[in-house]
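Asker: Got a structure for you, written out below as structure tokens; questions coming shortly.
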Amino acid sequence: MKQSKTILGAVALGTMLTAGSALAEEKSSVVFFGADGKDNSGSLFIGGVTALNGNLGKNGLLLRGVALGGSYDYDTTAVAGSDVDADLVRAELSLGYQWFLDSVRLSLYVGIDHQDHDLSPSDPTNSVEGSETGVIGQAELETLGKGWYLSLMGNGSSANDTYWAKGRVGYAFDKVNIGPEIGVSGNDEYEEERYGVYVTFNATDSVKVSISGGHSDTDGDNNVEDDDSGYLTASVSVTF
């Protein structure tokens, strides 16, 4: 199935950009919002993370909530007219813990993931149609400070066997971080690979902007046409 997988892609990005930075010291929470688009799909998301100890820059428990709404369409021989239009709503609530180890930040989350795929017309060959709730786990690792930068993050959900992972290698200047990225995602009905570049910059001491884009390669199941296209993701995170 061709669809946008951005709910934890962008969410993980917003968390990684802020919770581990010097800007997060003495600040307790971060909110993030943004959009993702590619051929035949698009989505908007909003979320937040709060440090239960009141400081995002120290070891401790984290609480995160995320919501996403989007739409996608795909072609299949399984329905009359071959075209299926779909709306997606997804929400996650997770509890996590983060550790600061010298110049590295590591965080682990576990929580509840709810997904609802509303297809028109109904596709009898599509196993992700309808609502499903499952358990989700996520891991994040990033280097801190200036110089060469590395981030690795990924998650997996029992709802529709959904997964997502992204890696970045770049260079962090004083206020700008730039470099290449690679990502994979999928569920019971599709697999996607992304190859692109990203840039993040501090708009103010508490506001960070991220933009990434590149090439997306999606493979669908159940006689669904495969899809190659560009992708673009933009997000803003605010700490307070």
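The values are calculated or read from the model by the stated rules, or taken from the named source; none is laboratory data. Fair warning: this is a prediction, and the values are worked out from it, not measured in the lab. In this analysis, Cβ positions are derived from the backbone assuming ideal geometry, glycine residues included, and neighbour counts consider all displayed protein chains.
Asker: Residue check, N53 against (1) more than 18 Å from the chain's Cα centre (by Cα); (2) crowded, with 16+ Cβ neighbours inside 10 Å, all met but one. Which one?
Answerer: (2)
Asker: Oh, and also: Between V79, V128, which is assigned to a loop (DSSP other than H, G, I, E, B) and in contact (Cβ under 8 Å) with a residue 60 or more places away in the chain?
Answerer: V128
Asker: While we're on this one: I'm told L144 meets every condition in (1) closer than 30 Å to N55 by Cα; (2) at pLDDT 95 or above; (3) not aromatic (F, W, Y) except one. Can you identify the failing condition by its number?
Answerer: (2)
Asker: For the subset of region 35-50 comprising residues that are surrounded by fewer than 22 Cβ atoms within 10 Å (Cβ to Cβ) and under 16 Å from the mean Cα position of the chain (by Cα), which member is farthest from D85 (Cα to Cα)?
Answerer: Here the answer is G48.
Asker: Related question: Return the pairs, sorted by first residue and then second, in which the second residue is among the basic types (K, R) and part of a loop (DSSP other than H, G, I, E, B), the first residue lies in region 56-75 and is within 23 Å of L106 (Cα to Cα), the beta carbons are less than 6 Å apart, and the residues are 6+ apart or on different chains.
Answerer: Partner pairs satisfying both residue conditions: L56/K27.
Asker: Here are some conditions: (1) closer than 27 Å to V89 by Cα; (2) surrounded by 18 or more Cβ atoms within 10 Å (Cβ to Cβ); (3) acidic (D, E); (4) under 18 Å from the mean Cα position of the chain (by Cα). D123 meets all but one. Which one does it not meet?
Answerer: (4)
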